[in-house]
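Visitor: One structure coming up, written as structure tokens, with questions to follow.
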Amino acid sequence: MSPVHGLATAAMIASIVVTATAGDVLTASAMRRIGDLDEIRARSGMAGAIRAVVTSGRFISGVLCMALSFFSLLFALSHADLSLVAPASASMTFVSNAAAAKFLLHENVDRRRWVAVFCVCCGVALLAH
Amino acid sequence: MVHSTMNARRYLVLAVVTLTSAFGDTFLDIGMKKLPLVSFHHLGTLLVALRTPWIIAGIILLIGFFASYLTALSWADLTYVLPATSLGYVIVALLGKYWLHEQISGARWLGIALITVGVGFVTRGPSYTEMPALVDSQGSRSVSAARSDDEAVATTAKVGRP
């Protein structure tokens, strides 16, 4: 892999990671704001729960970011190997999600969760071999 | 404040997230392998794929995955749900070996072991970070984690979670 090609691949993987993280964080933020779906369903029925989700601007933004991430993945797969792109983007997304959840969603990401994220991140990377 | 909001039904929802994701991806894989190779010049093949039973079943399962994933995010942290449901990667690998007869190398078994350890770690810990919430004029809730606890107690109502 030439240095230029290597940089291009890194940029493609980075764009997948950024858009996937944005999608996950926006979706999680939307669900936290909406509240417990089980309670909403008990109160307003399934239609009420679906309405609460699909009328949330954050949820729509999150889904758009997820779609962008999917197309970034397709684009990257047309230029680089699946065995590099899929595990690299999936494992890096785990780490970036943990950081984003800590600083943007203010979740309490304690040592136990960091260890779990690290284990899953390494495990996903090893699954490609 | 971090605490567990989990009960048997919620663990079941996490299991549904894990299983629908793993089986959905596997069904899509089987469906796509039964079709001719899709190239950028023949993208119409993707529309044909949408009418095949394996792809339809895969899409139905992935819709189930997304619904259960959203449900889980409504009562648990993102940093709890993602590792807790990562056993899906392990199930995909096992389905690949025992159903699709793919080879699993030593490195993959090590990866499977690491993911399992990660899942064990996170699921034994708390699942939800309680945050002060503002009640606005429409009665909807918004997160205000930047405030100190004292300010929050004075000016906001906490969201009660079972």
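Visitor: Which order results if A:M46, A:M66, A:M31 are arranged by neighbouring Cβ count within 10 Å, fewest first?
Guide: A:M46, A:M66, A:M31
Visitor: Next question, about the same structure. Return an integer: the convex hull volume of the alpha-carbon atoms of the protein assembly as shown, in Å³ per residue.
Guide: Per residue, the Cα convex hull of the protein assembly as shown comes to 154 Å³.
Visitor: Shifting gears a bit: Would you tell me the mean number of C-beta atoms belonging to other protein chains that fall within 10 Å of each C-beta in A:79-90, as a whole number?
Guide: If you average over the peptide's residues, the count of other-chain Cβ atoms is 0.
Visitor: Quick one: which residues, 5+ away or cross-chain, put their amide H under 5 Å from the amide H of B:E130? H built at 1.01 Å from N.
Guide: B:V2, B:H3
Visitor: Under the definition of partner shielding as Cβ atoms of other protein chains within 10 Å of a residue Cβ, what is the mean value for peptide B:123-129?
Guide: Counting other chains' Cβ atoms within 10 Å and averaging over B:123-129 gives 4.
Visitor: Hey, another quick one. Rounded to the nearest 0.05, what FRET efficiency do B:E130 and A:A14 give with R0 = 35 Å and r taken as the Cβ-Cβ distance? Could you check?
Guide: E between B:E130 and A:A14, to the nearest 0.05, is 0.55.
Visitor: So, one more: So what is the 222 nm mean residue ellipticity for the protein assembly as shown from helices alone, if each DSSP H run of at least 4 adds -39500 (n - 2.57) and you divide by all residues, rounding to the nearest 500 deg cm²/dmol?
Guide: Numbers: 12 runs with 207 residues, N = 291.
Result for the protein assembly as shown: -24000 deg cm²/dmol, rounded to the nearest 500.
Visitor: Something else: What number comes out for the charge environment of A:T27, summing +1 per Lys or Arg and -1 per Asp or Glu over other residues with Cβ under 12 Å away?
Guide: Counting the neighbours of A:T27, the net charge comes to +2.
Visitor: Where Lys and Arg each count +1 and Asp and Glu each count -1, what net charge lies around A:C65 among other residues with Cβ under 13 Å from its Cβ?
Guide: 0
Visitor: Something else about it: When you count, for each residue, the other Cβ atoms within 10 Å and take the mean per peptide, how do A:11-19, A:72-80 rank with the highest first?
Guide: Ranked by mean Cβ neighbours within 10 Å, highest first: A:11-19, A:72-80.
Visitor: Could you list B:D29, A:D81, A:D24 in order of exposure, starting from the residue whose Cβ has the fewest other Cβ atoms within 10 Å?
Guide: Listing B:D29, A:D81, A:D24 from fewest to most nearby Cβ atoms yields A:D81, B:D29, A:D24.
Visitor: Using each residue's phi in the stretch A:42-51, evaluate 6.51 cos²θ - 1.76 cosθ + 1.60 at θ = phi - 60° and report the 3J(HN,Hα) Karplus result to the nearest Hz, with x for Gly and Pro.
Guide: With coefficients 6.51, -1.76 and 1.60, one gets 5, 7, 10, x, 4, 4, x, 5, 5, 4 Hz.
Visitor: Still on this structure: Against the longest principal axis of chain A, how steep is helix A:57-77, in degrees 0 to 90 to the nearest 10, with axes from Cα atoms?
Guide: It is inclined by approximately 20 degrees.
Visitor: Ok, one more. What nm distance separates the two modelled labels at B:L47 and A:S44, each placed 7 Å from Cα along Cα→Cβ?
Guide: For B:L47 paired with A:S44, the spin-label model returns 3.7 nm.
Visitor: Follow-up question, since we're still on this one. Let me check I've understood the local charge: for A:A99, count other residues with C-beta under 15 angstrom from its C-beta, Lys and Arg +1, Asp and Glu -1. What total comes out?
Guide: -1
Visitor: Further question: Using alpha carbons only, how many angstrom separate the centre of the stretch A:44-114 from the centre of the stretch B:48-83?
Guide: Distance between centres, Cα-based: 13 Å.
Visitor: Something else: Kirkwood hydrodynamic radius (Cα pairs, Å) of the stretch B:1-137?
Guide: 17.0
Visitor: Evaluate peptide A:100-107: per residue, the Cβ atoms of other protein chains within 10 Å of its Cβ; return the mean as an integer.
Guide: Whole-number average of other-chain Cβ neighbours for A:100-107 is 4.
Every number in this text was worked out from the coordinates using simple rules, so none of it is lab data. Worth saying up front: this structure is predicted, and the values here are computed from it rather than measured. In this analysis, Cβ positions are derived from the backbone assuming ideal geometry, glycine residues included, and neighbour counts consider all displayed protein chains.
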